[in-house]
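The values are calculated or read from the model by the stated rules, or taken from the named source; none is laboratory data. As the structure is a computational prediction, the values presented were derived from the model and not from experiment. Cβ atoms come from the backbone with ideal geometry, glycine included; neighbour counts cover every protein chain shown. Heavy atoms of the whole protein, side chains included, go into the accessibility calculation; ligands, DNA and RNA do not. Shrake-Rupley method; radii C 1.70, N 1.55, O 1.52, S 1.80 Å.
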Amino acid sequence: MWLYSVFLFLVTAAVVLETLIRKSDFFSPARLYLFFCSVTLGVAFLGFHPAMTPFHPFTSLIYFGSSLAFLLGTALPRLAAGPSFRGVPDVVRYNWRLHWILSFLLFAVFLSGMAVAYSRVGVFPALAERKQEAINAFNQASLYSNITYNMGAIAAAMFLVAILQTPQRRLFLRAGLWLALLSTAIFSLSMNRSGALLVIFFGLTVIHYGVRRISLLRVVGFFVFLLALFIPVSYSRLTDEQKKVLERLDPLLVTGYLLKVPYVYMANNYWNLDYALNSENYEVRHPTTYGYTTFSGILDVFPLPAEGLVGPEIRESGDYEDMFHERSVKIKGINTLTYQWSLYKDFGLVGVLTIPFFIGLLLSVYHRRMREQPDVSNIAVYAYFSFFIAFNWFTAMWELTNFVLGFLYVTAACYLCRKLAPASAAAPRPMGA
């Protein structure tokens with residue numbers, strides 16, 4: 001499989017070189033998609049775990065066909081018009097007072113969720129001796145706490161948007177940055193990695209479009225640093241018995257063992273996709289879900305007129321799997337899949353090969369709009385989109401209730417603040433005026 005890895009790493013290098021030489025926008029939909037998918041699939045094909053095998057032909061058709069469709073969709077607006085113009089971020093026509101109120105309101109809701117989960121578990125996962133057991137207990141404390149404590153990442157995102165309010169100050173002097181760090185620090189007690197990734201990537205995108213352009217080398221260096229953090233984090237989640245075993249081993253062997261953790265996080269999404277799409281003995285691993293999977297993120301908390309929730313009722317009546325993909329995973333407990341699986345379950349081969357085209361088209365159109373009219377609302381919404389694009393290789397983010405609710409909150413809050421801007425707010429001067 002190493003030849004696949006070489007090719008994919010060459011694609012990654014081409015994206016990097018094109019961005020550096022032409023000074024292109026790395027955070028555009030096409031470059032984000034190509035960079036993160038090629039580097040993660042390239043790492044996966046290195047085959048450091050026996051579960052990672054070459055794709056079956058059908059998997060290759062699904063994965064590469066859907067990726068090509070997405071990239072063609074992102075290319076269409078660029079073919080129809082010239083380069084998008086990057087205007088001056090409009091941070092004046094915006095109701096910042098209301099934004100702060102909505103941010104602190106969400107922060108208070110998040111703290112209440114943390115308090116409820118802590119009262120029922122008795123310990124924060126980051127401080128527990130058996131961390132995985134504490135994480136499971138924290139997530140299962142109650143539906144209310146599970147949703148609200150995960151809003152910590154969204155509260156941090158709202159505070160990060162507030163760094164656009166005072167462009168004349170240095171970044172480290174802006175209150176929004178420190179409040180985002182505070183929210184993330186508290187939220188990290190739950191040891192939820194995906195929420196932390198949202199905060200990081202959301203913040204990078206907001207800074208890139210609203211404060212100053214971030215060079216690609218700094219972005220790559222930053223994520224290399226995050227990857228390096230996997231070793232101590234992985235070690236902290238081991239049980240005392242596992243730590244005692246590792247202490248008797250050679251340090252190089254221990255390091256290699258811990259490095260397998262980030263590899264598995266990258267590769268399991270791909271080997272699970274291959275396993276799910278290619279059932280043994282021609283058995284269907286999962287029935288068609290007719291759109292439920294795509295909209296499960298919001299349906300799982302949408303109440304029924306009678307007692308219960310829409311999502312669980314549909315899931316039980318249709319005998320569908322939940323977000324943990326019990327039927328689709330190759331190794332029990334390692335349960336993430338790329339976004340192609342949800343589209344395939346919902347809409348079959350035709351859907352998974354065509355819908356990404358329209359998603360790419362819409363995202364590219366919105367990106368152009370944001371570049372031409374970079375107001376606070378457009379930057380915030382696209383920053384959320386950029387996280388979905390960059391981490392599509394990890395899972396379909398629209399399946400995760402907390403990310404869907406977070407997107408709806410950020411979008412609605414920023415739109416409302418733009419519409420309720422003070423009447424005295426002046427329009428920004430155009431560039432060169």
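Loop-resident trypsin sites (Lys or Arg not before Pro) (DSSP state other than H, G, I, E or B) in region 306-387 with no more than 11 further Cβ atoms inside 10 Å of their Cβ: Lys332.
Along the chain, the exposed loop sites are GluC sites (Glu not before Pro) outside DSSP states H, G, I, E and B with at most 15 other Cβ atoms within 10 Å, and the longest stretch free of them is 130-282. Among Leu102, Leu20, the sequence by solvent-accessible area, most first, with a 1.4 Å probe is Leu20, Leu102. Residue separation of Ala126 and Leu3 scaled by 0.36 nm, minus their Cα-Cα distance, works out to 40.3 nm of gained length.
Sparse packing (at most 13 other Cβ atoms within 10 Å of the Cβ) combined with a DSSP loop state is found for the following trypsin sites (Lys or Arg not before Pro) in region 1-100: Lys23.
This model, with +1 at the C-beta of Lys and Arg and -1 at the C-beta of Asp and Glu, gives region 1-108 a dipole about its Cα centre of some 320 debye.
Backbone amide hydrogens, once placed in the peptide plane, bring Leu309 within less than 5 Å of Leu304, excluding anything fewer than 5 places away on its chain. For region 287-433, a simple Cβ point-charge model (Lys and Arg +1, Asp and Glu -1, everything else neutral) yields a dipole of about 800 debye relative to the Cα centre.
Dipole of region 1-126 (Lys/Arg Cβ +1, Asp/Glu Cβ -1, origin at the Cα centre): which of Asn95, Phe35, Ala80 lies farthest to the positive side? With unit charges placed on the Cβ atoms, the residue in question is Asn95. Along the Cα-to-C-beta direction of Trp178, a point sits 7 Å from the Cα; which residues of region 90-123 have their amide N less than 15 Å from that point? Counting only backbone N, you get no residues. For region 129-223, trypsin sites (Lys or Arg not before Pro) meeting the loop criterion (DSSP other than H, G, I, E, B) and having at most 10 other Cβ atoms within 10 Å: Arg170, Arg212.
What you get for the chain, charging only the Cβ of Lys and Arg (+1) and of Asp and Glu (-1), is a dipole of about 1920 debye around the Cα centre. A Förster radius of 41 Å, combined with the Cβ-Cβ distance separating Leu171 from His56, puts the computed FRET efficiency at roughly 0.30.
Our coupling estimate for region 263-276, obtained by passing each phi through the Karplus curve with A = 6.51, B = -1.76, C = 1.60 and θ = phi - 60°, is 5, 4, 4, 7, 7, 5, 4, 7, 6, 5, 4, 5, 5, 5 Hz, Gly and Pro reported as x.
Here the extension length gained between Leu72 and Leu17 equals 17.7 nm, from 0.36 nm per residue of separation less the Cα-Cα distance.
Residues in region 293-307 carry Karplus couplings, in order, of 4, 4, 9, 5, x, 9, 5, 5, 10, 7, x, 8, x, 8, 5 Hz; the curve used is 6.51 cos²θ - 1.76 cosθ + 1.60 with θ = phi - 60°, and Gly or Pro positions show x.
Taking amide H positions as modeled 1.01 Å from N, with prolines and chain starts lacking one, the residues under 5 Å from Asp90 and 5 or more places away or on another chain are Asp375, Val376. Rolled with a 1.4 Å probe across the full set of protein chains, the surface gives Tyr265 an accessible area near 70 Å². Compute the Cα gyration tensor for region 155-195, then decide on rounded, prolate or oblate, letting a ≥ b ≥ c be the square roots of its eigenvalues: rounded whenever a/c is under 1.5, prolate when a/b is larger than b/c in the other cases, and oblate in all that remain. Prolate is the answer for region 155-195, as a/c is 1.5 or above and a/b outweighs b/c. In this structure, the amide hydrogen of Asn150, modeled 1.01 Å from its nitrogen in the peptide plane, lies closer than 5 angstrom to no residue at least 5 positions away or on a different chain. Full extension of the segment from Leu46 to Leu105, taken as 0.36 nm per residue of separation minus the current Cα-Cα distance, would add 16.6 nm.
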